[in-house]
Amino acid sequence: MEMIELDGEAGGGQLLRTALSLSLCTGIGFTMERIRARRSRPGLMRQHLTAVRAAAEIGQADVTGAELGSMRLRFVPGPVTAGDYRFSTSSAGSTTLVLQTVWPALWQADAPSRLWIEGGTHNPMAPCADFIADTYLPALQAMGVGASVELLKHGFYPAGGGSLHASVQPASALRRLALHARGDTSSIEAFAMLSALDSQIGHRELRVLGKELGLDADALHLRSIKPPVGPGNALLVKIGHAGHVATFTAYGQRGVQAEQVALKLAHEVKAYLASTAYACEHLADQLVLPMALAGGGEFTTHRLSDHLQSNARLIEKFLPVDIRWQQQSEHVWRVVVES
């Protein structure tokens, strides 16, 4: 079997998840050394292990090094099997990152699949369940992926305890997309979600977002999660365009004032609104892989992240594609995937 040698030092868990996804999709095995070597806690953490074990189960893979803290992993895939699967991060580890790892292989399977994943649904350093449902999933559906995702129970960091359900239908071929213009802004709404915390925290966050983004009171929404599973606070801004929704998220932290959380999020939203690009930074990171599996595509983004660049170079090791980017203006980058 063909094997690829990979170095995971410069990236985080995204490089590992991309390697797992493409290994399942292509049948190419890999060895990754120095996994997350530059992180404060290097090696595999629980959510990475869950992704590895989920990929191994779905792809009947032979795996070496799937242990907490391991900085080396060898993954040899077998045939991908559709079916009903249940996975748990056993923590607040991200359910959505596990889902994104195995989704591509399952939409290439020969029968429908369903997944139930337990853990964190709203945690820092990962796309939240709202982003997956409102921003990422519509892009997949436009490519021809028949999939759905449902948030069953919120799970915030550090308690976790959330769950989501996802389904996917076989996709014989993906359509190439050219996502350049997002269209006029039709709506901007803000949501403060609180679990086992004083509602005043949410009111303070929304007050700042309303002022910074010029939102009326009817665009500001406070949601109390019932029943609560540990303390947690997520702050979301959703921007509606013609056929596209951009989702931005920030999280309350112990010792950080609610106003600072909201100001940071408002700054991120304003940077996006200052551009005419289609994809926010986080969507851009995640469009490259499905477009590569489609054999091509392109999009514009307002910011080119290090994640996107390192992920692109790894994708090129598995697939016969060339991924390049060019800055078109101060706030617009064009990213092109070609076979």
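Quick notes
- Among the numbered conditions (1) surrounded by fewer than 17 Cβ atoms within 10 Å (Cβ to Cβ); (2) of a type outside the set (Phe, Trp, Tyr); (3) more than 30 Å from Tyr278 (Cα to Cα); (4) modelled with pLDDT under 95, the only one that Gly232 does not meet is (1).
- Subset of the range 61-118 that is of a type in the set (Gly, Ala, Ser), closer than 20 Å to Gln169 by Cβ and assigned to a loop (DSSP other than H, G, I, E, B) - its residue that is farthest from the chain's Cα centre (by Cα): Ala111
- Filter pass, Asp130 being acidic (Asp, Glu) and buried (at least 20 other Cβ atoms within 10 Å of the Cβ): yes
- Residue count for the range 274-294, restricted to those that are part of a helix (DSSP H, G or I) and in contact (Cβ under 8 Å) with a residue 40 or more places away in the chain: 12.
- Scanning the range 1-56 for residues that are at pLDDT 95 or above, under 23 Å from Asp110 (Cβ atoms) and touching a strand residue (DSSP E or B) at 6+ places or on another chain (Cβ under 7 Å) gives Leu20, Ser23, Ile28, Gly29, Ala54, Ala56.
- Close pairs from the range 258-271: first within 13 Å of Leu206 (Cβ to Cβ), partner buried (at least 22 other Cβ atoms within 10 Å of the Cβ) and of a type in the set (Ser, Thr, Tyr), Cβ under 8 Å, at least 6 apart: Leu265/Thr249
This table checks each residue for (1) touching a Leu at 6+ places or on another chain (Cβ under 7 Å); (2) of a type in the set (Gly, Ala, Ser).
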position	(1), (2)
Gly29	no, yes
Ile35	yes, no
Leu49	yes, no
Tyr85	yes, no
Ala92	no, yes
Pro112	no, no
Trp116	no, no
Met125	no, no
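- Met125 passes every criterion in (1) surrounded by 15 or more Cβ atoms within 10 Å (Cβ to Cβ); (2) within 25 Å of Tyr251 (Cβ to Cβ) apart from (1).
- Filtered by the rule that a residue be surrounded by fewer than 17 Cβ atoms within 10 Å (Cβ to Cβ) and not β-branched (Val, Ile, Thr), the range 52-65 gives Arg53, Glu57, Gln60, Asp62.
- Within the range 252-280, considering residues that are of a type in the set (Val, Ile, Thr) and surrounded by 19 or more Cβ atoms within 10 Å (Cβ to Cβ), the one farthest from Leu140 (Cα to Cα): Val261
Table: residues versus (1) without any contact (Cβ under 8 Å) to a residue 40 or more places away in the chain; (2) in contact with a Gly (Cβ under 7 Å, 6 or more places away or on another chain); (3) assigned to a strand (DSSP E or B); (4) not β-branched (Val, Ile, Thr).
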{"residue": "Leu151", "(1), (2), (3), (4)": "yes, no, yes, yes"}
{"residue": "Ala166", "(1), (2), (3), (4)": "no, no, yes, yes"}
{"residue": "Pro170", "(1), (2), (3), (4)": "no, no, no, yes"}
{"residue": "Arg182", "(1), (2), (3), (4)": "no, no, no, yes"}
{"residue": "Met193", "(1), (2), (3), (4)": "no, no, yes, yes"}
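- Residues within the range 295-333 that are assigned to a strand (DSSP E or B), free of Cβ contacts under 8 Å to residues at least 60 places away in the same chain and surrounded by 15 or more Cβ atoms within 10 Å (Cβ to Cβ), tallied: 5
- Residue within the range 106-118 that is within 18 Å of Ala159 (Cα to Cα) and in the same structural domain as Leu164 (by TED's automatic domain parsing) present: yes
- Conditions (1) farther than 30 Å from Gly232 by Cβ; (2) crowded, with 17+ Cβ neighbours inside 10 Å; (3) of a type outside the set (Val, Ile, Thr); number of the one not met by Leu49: (1)
- Output for the range 10-35, where each listed residue is assigned to a loop (DSSP other than H, G, I, E, B), touching a Pro at 6+ places or on another chain (Cβ under 9 Å) and surrounded by fewer than 24 Cβ atoms within 10 Å (Cβ to Cβ): Gly27, Ile28, Arg34
- Boolean, Gly155 is small (Gly, Ala, Ser), surrounded by 20 or more Cβ atoms within 10 Å (Cβ to Cβ), over 25 Å from Thr276 (Cβ atoms) and within 18 Å of the chain's Cα centre (by Cα): yes
- When the residues of the range 195-213 are filtered to those that are part of a loop (DSSP other than H, G, I, E, B) and under 28 Å from the mean Cα position of the chain (by Cα), the one that is nearest to Ala159 (Cα to Cα) is Ala196.
- Scanning the range 104-117 for residues that are closer than 22 Å to Leu15 by Cα and either crowded, with 23+ Cβ neighbours inside 10 Å or without any contact (Cβ under 8 Å) to a residue 24 or more places away in the chain (or both) yields Pro104, Ala105, Leu106, Trp107, Ile117.
The values are calculated or read from the model by the stated rules, or taken from the named source; none is laboratory data. Predicted, not measured: the structure shown is a model, and the values here were computed from it. With ideal geometry, Cβ positions are generated from the backbone for all residues, glycine too; neighbour counts draw on all protein chains shown.
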